[in-house]
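Visitor: One structure, pasted below without further comment.
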Amino acid sequence: MSFANTVLKVALPVPLRRAFDYLCPPLTDPANLGPGMRVAVPFGNRNLVGIIIEIADSTNLSSQKLKHATEVLDTKPLVPEELMRLCHWCATYYHHPIGEVFATALPAQLRQGKIANAKQELYYRLAADFSAESEKQLQRAPRQAEIVALARQHEEGVSAHALKALGLSGAPLKALVDKGWLAARVAEATPHEHPTQVLAEAPLTLNPEQQEAVDSLNQAMGEFACFLLDGVTGSGKTEVYLQAIEKALQQGRAALVLVPEIGLTPQTVARFRHRFNSPVSVLHSGLTDTERLHAWSAAASDTARIVIGTRSSVFTPIPQLGIVIVDEEHDLSFKQQDGMRYSARDIAILRARHQGIPIVLGSATPSLESLHNVTTGRYRKLTLSERAGNASAPKLGLIDIRSRPLQEGMSQPLLEAIKFEIEAGNQVLVFLNRRGFAPILMCHECGWMADCANCDTRLTLHMQPRQLRCHHCDAQQRIPSACPNCTSPELTAMGVGTERSEEAIRRIFPDTSIVRIDRDTMRGKRAMAERLAQINQGKSCILIGTQMLAKGHHFPNVTLVAILEADSGLFSSDFRGIERMAQLITQVAGRSGRAHKPGRVLIQTHQADHPLINSLIHDGYAKLAANLLEERRQAELPPFQHWVIVRAEATDEATPMRLLRQTAGWANQYLQDNPGNDKGGDSSEIASFGPLPALVYRRNSRYRNLLIFQSASRTALLQLLNHLCPLLEASPDARKVRWSIDVDPQECF
Ligand code: ADP
Ligand code: ZN
Ligand code: ZN
């Protein structure tokens, strides 16, 4: 390749599905350049940081038009080959601009051109002043004691980063340092020798089903296999993950653990940190840009051997990856709903396939997609059918509330059951998946309701602080003192949200302590950790919360779960409504009776005769899921068919609809010109629905429309998108709207 002809194909963070050609920066030897390095380039009147994806010796541009890149920012590829491959796949499969794929996959500071070097960090070690007497004093300071235990465990000291992830970095740490019991030192967080002793604490003795699961995983080490670990709530899935990871670590390999957004509690992290001597890196949306960069660099430089994180950490480069775990694989938070609409679970599977390593998808309520993949033999199923240890499955019961008097949404039998448990010194979890005080504010005189000015939705009444709030666009308004329509002062709050049930429960149980957990009470970084610590002291109390409280937590003293309302999922306009409702109810129910005390679950419903609710109560999730899958097959819906949604929205009503009509027209033409495809027959048949308005048609002052394509053949759908994307990009209407492609959508309307 001659010097002068070298052309860099660069991915830039712009919404175009292509790479851009540049010449090498002046005085740079192209031999020193390679894919995965960052370059600064002029783009229009801006300077952008891009990623070299290819070094070519030709271009379609004329040489006068070709510009020089300004500067190369890396001496070796920042994006390792493995991650490059993953990003290319995402661009092709999700039909997303390659530059924006990198923007999703890389920490913000790297995108801005920062240097990704090993950083310095503070490490804490036990100081010489720490004595037996100090040890005694710590008995009254459990959090300080925990820090001391960690500092003891890690010879080189415990890092500030690690303590922070465990929620231990505040006052307790300061207290220890002030007393001179802990000594801090600054050290390079460079890769160190991997500990020869992998385990820091003894593993639990597995029950036979757990053992079988771990054995199967161990046998699969070093080859690709996708396992569905279908284990009821409290069956000890985490213990299976821990022991599978142990095996990988012993082989000198690393582990990636993906958890849902709210699953990443300090308790979860603590379980991994306490078990292993190896460094654990934690990635979640609450990190600052700098923290994210550090965690990313630690993983990429082989410093972290276990990476735990939420959705986007599926893109963390990890040398020598040995196993991937996706916990609560059914959880919606693995699917990104804007920008690049990717599924972290699906990308994780692809990554395991590329690397030739096993992946475990764990859940008590597996998605119908995954169950279907078990049926077709793509996944291997491992089952944990019983709770681990001495815990037994909770008993589920319905309370038919038709024509019963309700106190703030609670029936008498429910209140009596709560009273019974509280008097016995137990904890009760009250579940209501609606935050705020009341979902509707209505005029008793004329029927006026408070609507959002920007959305086709009602405003929710909040009392703390007092205001009307839109849960779709976050708009906030004062509560009117009189009806804006008829001036009547009689405005009534209709329906019940968590604030209102908290208020009612405080009134009915004045002497009981009450903890509310929803998005409004969880503001502030430590809020969740503090509440969980309070609950885990085990004292009798009532927990009220939304789905934030429903998933993943281990509350040993909760003996009753009260579900205030189970019906909304039954009438959802999304075909996945019932699947989601069944998952949520089963997960909430699973918070009850997780230790030696037996648990029960009471579900209030107006639909006590509904076959689906009854099936869930009497036969359990697995049976219901099997029936739902059969329904999907007959109705020709996913997972038996694949879907792609093209969405368009704008502040004017006409353009998005016009663009989607045009798109539907292009698709029809294409399908006429390419009948049957090479596969032929039904398999490549593509049906389209729409364009139609989204369920919430106007949101944040934008009118939203969608166009659905469905086919049994994924390839046929992707080929259609290959045809449509360039047409969309070139369309003048597309420039006036926000449009997006959603492959394998999870929320359909
Ligand atoms: P899951 O993730 O399936 O909901 P967890 O892994 O949180 O379940 O386990 C629930 C409880 O059971 C935890 O307290 C855990 O320590 C305990 N446990 C798990 N496996 C065993 C075992 N083999 N023997 C005793 N207790 C166990
Ligand atoms: Zn009125
Ligand atoms: Zn709104």
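Rundown of residues vs (1) within 20 Å of ARG699 (Cβ to Cβ); (2) of a type in the set (Asp, Glu); (3) within 16 Å of ligand 2 (Cβ to nearest atom); (4) surrounded by fewer than 18 Cβ atoms within 10 Å (Cβ to Cβ), yes/no style:
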| position | (1), (2), (3), (4) |
| --- | --- |
| ARG458 | yes, no, yes, no |
| ARG466 | no, no, no, yes |
| ASP474 | yes, yes, no, yes |
| ILE479 | no, no, yes, yes |
| CYS483 | no, no, yes, no |
| SER488 | no, no, yes, yes |
| THR492 | no, no, yes, yes |
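Visitor: Here is a further query. So, in the range 430-456, of the ones that are without any contact (Cβ under 8 Å) to a residue 40 or more places away in the chain and buried (at least 18 other Cβ atoms within 10 Å of the Cβ), which residue ends up farthest from ligand 1 (Cβ to nearest atom)?
Guide: Per the criteria, the residue is ALA450.
Visitor: Still on this structure, I have one more. With ALA482, ALA493 as the choices, which residue is over 30 Å from ASN536 (Cα atoms), outside any loop (DSSP other than H, G, I, E, B) and more than 16 Å from ligand 3 (Cβ to nearest atom)?
Guide: Matching residue, one of ALA482, ALA493: ALA493.
Visitor: Looking only at the range 489-532, how many residues end up being under 16 Å from LEU429 (Cβ atoms), of a type in the set (A, V, I, L, M) and touching a Phe, Trp or Tyr at 6+ places or on another chain (Cβ under 9 Å)?
Guide: Total satisfying the criteria: 1.
Visitor: Here is a further query. Among the residues of the range 148-167, write down those that are outside any helix (DSSP H, G or I), touching a strand residue (DSSP E or B) at 6+ places or on another chain (Cβ under 6 Å), among the small types (Gly, Ala, Ser) and closer than 19 Å to THR268 by Cα.
Guide: Residue satisfying the conditions is SER159 alone.
Results for (1) within 16 Å of ligand 3 (Cβ to nearest atom); (2) crowded, with 23+ Cβ neighbours inside 10 Å; (3) in a helix (DSSP H, G or I), shown as yes or no for each residue.
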residue: GLU201; (1), (2), (3): no, no, no
residue: LEU206; (1), (2), (3): no, no, no
residue: GLU209; (1), (2), (3): no, no, yes
residue: LEU217; (1), (2), (3): no, yes, yes
residue: ASP230; (1), (2), (3): no, yes, no
residue: GLY234; (1), (2), (3): no, yes, no
residue: GLU246; (1), (2), (3): no, no, yes
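Visitor: Of the numbered conditions (1) more than 16 Å from ligand 1 (Cβ to nearest atom); (2) under 30 Å from PHE555 (Cα atoms), GLN427 fails exactly one; give the number of that condition.
Guide: (1)
Visitor: Limited to the range 588-599, what total is found for residues that are in contact with a helix residue (DSSP H, G or I) (Cβ under 8 Å, 6 or more places away or on another chain) and surrounded by fewer than 23 Cβ atoms within 10 Å (Cβ to Cβ)?
Guide: Residues flagged as in contact with a helix residue (DSSP H, G or I) (Cβ under 8 Å, 6 or more places away or on another chain) and surrounded by fewer than 23 Cβ atoms within 10 Å (Cβ to Cβ) within the range 588-599 amount to 0.
Visitor: Here is a further query. Being within 28 Å of LEU695 (Cα to Cα), part of a strand (DSSP E or B) and not small (Gly, Ala, Ser) is the filter; apply it to the range 416-456 and report the residue that is nearest to ligand 2 (Cβ to nearest atom).
Guide: CYS443
Visitor: Only residues in the range 490-504 that are under 16 Å from VAL515 (Cβ atoms) and among the acidic types (Asp, Glu) count as the first member; pair them with residues that are within 16 Å of ligand 2 (Cβ to nearest atom) and at pLDDT 95 or above, Cβ under 7 angstrom, at least 6 apart or cross-chain, and list the lot.
Guide: If the second residue must be within 16 Å of ligand 2 (Cβ to nearest atom) and at pLDDT 95 or above, no pairs are left.
Visitor: Here's a follow-up. Could you run through the range 691-715 and say how many residues are in a helix (DSSP H, G or I) and within 14 Å of ILE645 (Cα to Cα)?
Guide: 1
Visitor: Let me ask another. Being of a type in the set (Ser, Thr, Tyr) and at pLDDT 95 or above is the requirement here; does THR715 meet it?
Guide: Judged against the criteria, THR715 is not a match.
Visitor: Could you please find all residues in the range 533-587 being within 20 Å of HIS330 (Cβ to Cβ), of a type in the set (S, T, N, Q) and outside any loop (DSSP other than H, G, I, E, B)?
Guide: GLN547, SER568, GLN583, THR586, GLN587
Visitor: Moving to a separate point now. Does the range 675-687 contain any residue that is at pLDDT 95 or above, among the polar types (S, T, N, Q) and surrounded by 18 or more Cβ atoms within 10 Å (Cβ to Cβ)?
Guide: For the range 675-687, residues at pLDDT 95 or above, among the polar types (S, T, N, Q) and surrounded by 18 or more Cβ atoms within 10 Å (Cβ to Cβ): absent.
Visitor: Being under 17 Å from ILE325 (Cα atoms), in contact with a helix residue (DSSP H, G or I) (Cβ under 6 Å, 6 or more places away or on another chain) and of a type in the set (Gly, Ala, Ser) is the filter here, so list the residues in the range 196-248 that pass it.
Guide: ALA213, GLY231, GLY236, ALA244
Visitor: Among residues belonging to the range 387-417 that are surrounded by fewer than 17 Cβ atoms within 10 Å (Cβ to Cβ) and within 16 Å of ligand 1 (Cβ to nearest atom), point out the one that is nearest to ALA438 (Cα to Cα).
Guide: In this case the residue turns out to be SER392.
Visitor: Considering only the range 311-361, state which residues are away from ligand 1 (no atom under 16 Å from the Cβ), charged (D, E, K, R) and not in a strand (DSSP E or B).
Guide: Listed by number, the residues that qualify are ARG311, ASP338, ARG341, ARG345, ASP346, ARG351, ARG353.
Visitor: While we're here: Look through the range 521-555, keep the residues that are of a type outside the set (S, T, N, Q) and at pLDDT 90 or above, and return whichever of them is nearest to SER363 (Cα to Cα).
Guide: Ranking the candidates gives GLY545 first.
Visitor: Something else: Considering (1) part of a helix (DSSP H, G or I); (2) within 26 Å of GLY377 (Cα to Cα), say which one ILE262 fails and leave the rest.
Guide: Looking at each condition in turn, ILE262 falls short on (2).
Visitor: Further question on the same structure: Can you work out which of the residues in the range 94-116 that are out of contact with any Leu (no Cβ under 7 Å at 6 or more places or on another chain) and outside any loop (DSSP other than H, G, I, E, B) is modelled with the lowest pLDDT?
Guide: ARG111
Visitor: If only one of LEU176, LEU199, LEU206, LEU163 is of a type outside the set (Val, Ile, Thr), at pLDDT 75 or above and in contact with a Lys or Arg (Cβ under 9 Å, 6 or more places away or on another chain), which one is it?
Guide: Every option except LEU199 fails the conditions.
The values are calculated or read from the model by the stated rules, or taken from the named source; none is laboratory data. Please read these numbers as outputs of a predicted model, since none were measured by experiment. Heads up, the Cβs are rebuilt from the backbone with ideal geometry, glycines too, and the neighbour counts pull from every protein chain shown.
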